[in-house]
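Values in this text are rule-based calculations from the coordinates and carry no lab data. The structure displayed is predicted, hence computed values, not measured ones. Here the Cβ is made from the backbone with ideal geometry for all residues, glycine too, and neighbour counts use every protein chain on show.
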Amino acid sequence: MNQEPRGTSNDLVLAMDKNSKVIKNPKDPSCEPTTKKIRLGVYDVFSMREATFLDFYAHWRKWKIHVSVAKRLTTDILTLAPTLFPLLCFATIFQRMAPLVLWHLFNRCLLMIEVGLTDGRFETVAIAHAVAARVVFAAMAAAIAWWGRKTDFIVQTRIVQRFDGLVFQWKSRTDLRPEADPKDENALIASHMVWYAYRDLLITMGRSLAILSELFYICTLTSSNTEAVIYVIFFFVEPFARDILQESIWNKRWVAASSDPNFNRMASLKSIVTEPETKQEISINGNIGEYLNREYNKARRALGDTSASYPAAQYDNRERVEFTVLLALLGDLHMASFCLKIYAAAYMATWFQFYSFASAIVHPSTFTLSKFAMLPKAADLLADELRDFRVDFRNALNGLASVKRLYDVVETPNTRKDGILDIEKSDNGVALAMENVCFAYPNDKSKNVLTNVSFTIKPGQLVVIVGTNGSGKSTLLKLFTRLYDIDTSDPDVDHGKVTVNGRSISDYKLTSLRSATAVLTQDHHILPLSLAENIGIGNVKAVSDMAVIQECARKGGADEFISKRADGYDTVLEPATVIPAYYFDEAGDSPLNDIYKGFEKKTEISGGERQRIAASRTFMRLTTEEIQLILADEPSSNLDPRGEAELFQNFIDNRQGKTMIFVTHRLGILTKEADLILCMKNGELVEKGTHDELMDLRRDGEPGEYSKLYEIQARAFN
Ligand SMILES: Nc1ncnc2c1ncn2[C@@H]1O[C@H](COP(=O)(O)OP(=O)(O)OP(=O)(O)O)[C@@H](O)[C@H]1O
């Protein structure tokens, strides 16, 4: 099995070798492997090789990035909530500290009561003060926690809106890039995750303070500071050992895919009986349900106990018993050292007193009873805090890494090269030309879809492009709109030239080119806005001018059916409704079922009606002064013959001398009016001329391509 997944941030394509665990970059076999592969149950799991614990330089580099992202995020959040944010930071950190302070206040009471019990002197007022302090602090902590939760929502909302806005801006700014990198989209985390990343960071800070105070507190509880320090060190041994020794993929980057043939077959069979399209095949192909059932059971038996559980969980399950026992021992070091202490005290010199808990037992006089009881509890609190700190800290770092990717993406510039010229204003449209154009789509460079195409279009001409399916007609239009560009990556290979008014099309500013062009294709989308807006956005300056919109709707053939709708021009076809989550018994007859179904407000219109709205939008574009070129790609494929004839006529009447290129399969109305017909076949321009010229064209006594197409259509419709 040879797979070629993309695994590294620098886009190395890595060859996966079935027999080796470590994968190298095939382009440079000498380089260090960057990913490794393991088999977990039914999955092949590929994970990144991360820096080792001792690779300080790698950690330092990572840290520098994390710190700069945290700084930038802090500045951004401070601008959004200059007063609330610092207060919220305080509240979040305070919440981490509060349980410790409460516990400390409780211990103070306990110590005073103990002194009273042993000495017979009860400091009643002092005890009452200590109790009152605890009660007041508890009430204050609850109030701060309540305020923190409320403020958290406000700050979170502001951050979500800000980052949603940034992403929106990026998406609306970036050009439609057919070769766009899907990684960009994947990097766009949900905006609320930005706040979660920051909150994890704050919680981590709170926990650090709590850990420091707990350490300090333990020092005050123990009789000697040296012993306390050593005692505390024991609590750091286990988490450190776990970090260094235990490998986990929960916090690593990894990808996995099931490669077990039995499991994959079960998945395929499951999809057959689940998906509506394939379920239909079961019904119309006789009794294949029984066969599928047999096959499913066969695959299930063959799979046996091979696990399909979540790969990260399976990874943890591989832990060896010695390792588990070692960690347990390290976690319980204080008890183990207790034995050592007893033996040391009994048999060895007293300088071996390295452990305070044991000290307390061996020299109980140095401890009070309550201190003796508090020490393990303090140790437990410290251990819990350390454990949670590790989790929150990792989450915070992962969150910051995601925020960095988000920042990077929203700042990605448009990859398409922009020009510097504006299209000159003219009442006669633009002149266009292609010179020896050869073009292959970026995703399939092996196949030229245009080969040596050359033609010239004079300003104001009506041009019709005809030809068989897949002959490259739409591709010609895409080059004029710069949805795609001719490949110029290799200066030694000439792929030809596309020009506008005699200059290379890439010399013009994209915004200028797009403003001067009206495009109408067969697959326009109706936006989830009102029908009036859907037409009006053709000319945003007149988007509220109903008279102009209605006039354009009439030209596009949409006015009649829109006016018949209950909401007329205010109809929104697919309004977006956000249903965050639901919890009710869908299968039951709960009244919530009906309410839920009522959320769906979709209104359907026919394919032809959609095309009429798109055409109306194009007529709206023609009301802007900038338009000099109209490109229409089979805009009438869903229209009835009358609708099509009217649309063509309206375009001819309303183009006001602008250059117009029409791609169509319907020869006749337009081609007879055309100044120039371009006839395409297999990516080549095989004929060009007027209708009469092409009809008279003969090659070796045979009629030309256009003439043949025309005759076929004439026969079919007569
Ligand atoms: N995005 C794309 N990526 C790769 N190949 C494409 C892409 N779009 C079109 N093609 C291929 O380019 C060739 C020309 O396609 P094009 O859409 O220009 O043909 P057409 O003449 O407009 O066809 P039709 O009359 O069916 O609309 C076809 O072989 C098509 O499969």
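Tabulated results
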| quantity | calculated |
| --- | --- |
| Aspartates and glutamates whose Cα lies under 16 Å from that of residue 404, excluding same-chain neighbours fewer than 8 positions away | 76, 164, 184, 185, 200 |
| FRET efficiency estimate (nearest 0.05) - Cβ-Cβ, residue 624 to residue 161, R0 35 angstrom | 0.60 |
| Rounded if a/c under 1.5, otherwise prolate or oblate - the stretch 442-552, Cα gyration tensor axes | prolate |
| Cross-link reach list, aspartates and glutamates versus residue 270, counting only Cα pairs under 13 Å and skipping chain neighbours closer than eight places | 295 |
| For the stretch 199-213, 3J(HN,Hα) per residue [Karplus equation, 6.51 cos²θ - 1.76 cosθ + 1.60, θ = phi - 60°, Hz, x = Gly/Pro] | 5, 4, 5, 5, 4, 4, 5, x, 5, 4, 5, 4, 5, 4, 5 |
| Additional length obtainable on full extension of the chain from residue 284 to residue 426, 0.36 nm per residue less Cα span | 45.0 nm |
| P(r) weight above 13 Å for the stretch 112-161, C-alpha pairs, percent | 69 |
| Overall Cα dimensions of the stretch 576-718 - principal axes, largest extent first, Å | 76, 39, 30 |
| Ranked 504, 446, criterion: other C-beta atoms within 10 Å, fewest first | 446, 504 |
| Residues 404, 71, sorted so that the one with the fewest Cβ neighbours within 10 Å comes first | 71, 404 |
| Between the stretch 661-711 and the stretch 417-485, the Cα center-to-center distance that results, in Å | 18 |
| Gyration tensor verdict on the stretch 51-125 (Cα atoms; rounded if a/c is under 1.5, prolate if a/b is larger than b/c, oblate otherwise) | oblate |
| Where only alpha carbons of the stretch 440-504 are counted, the Rg and the Dmax (Å) | 12.7, 36 |
| Order of 680, 546 under a 10 Å beta carbon neighbour criterion, fewest first | 546, 680 |
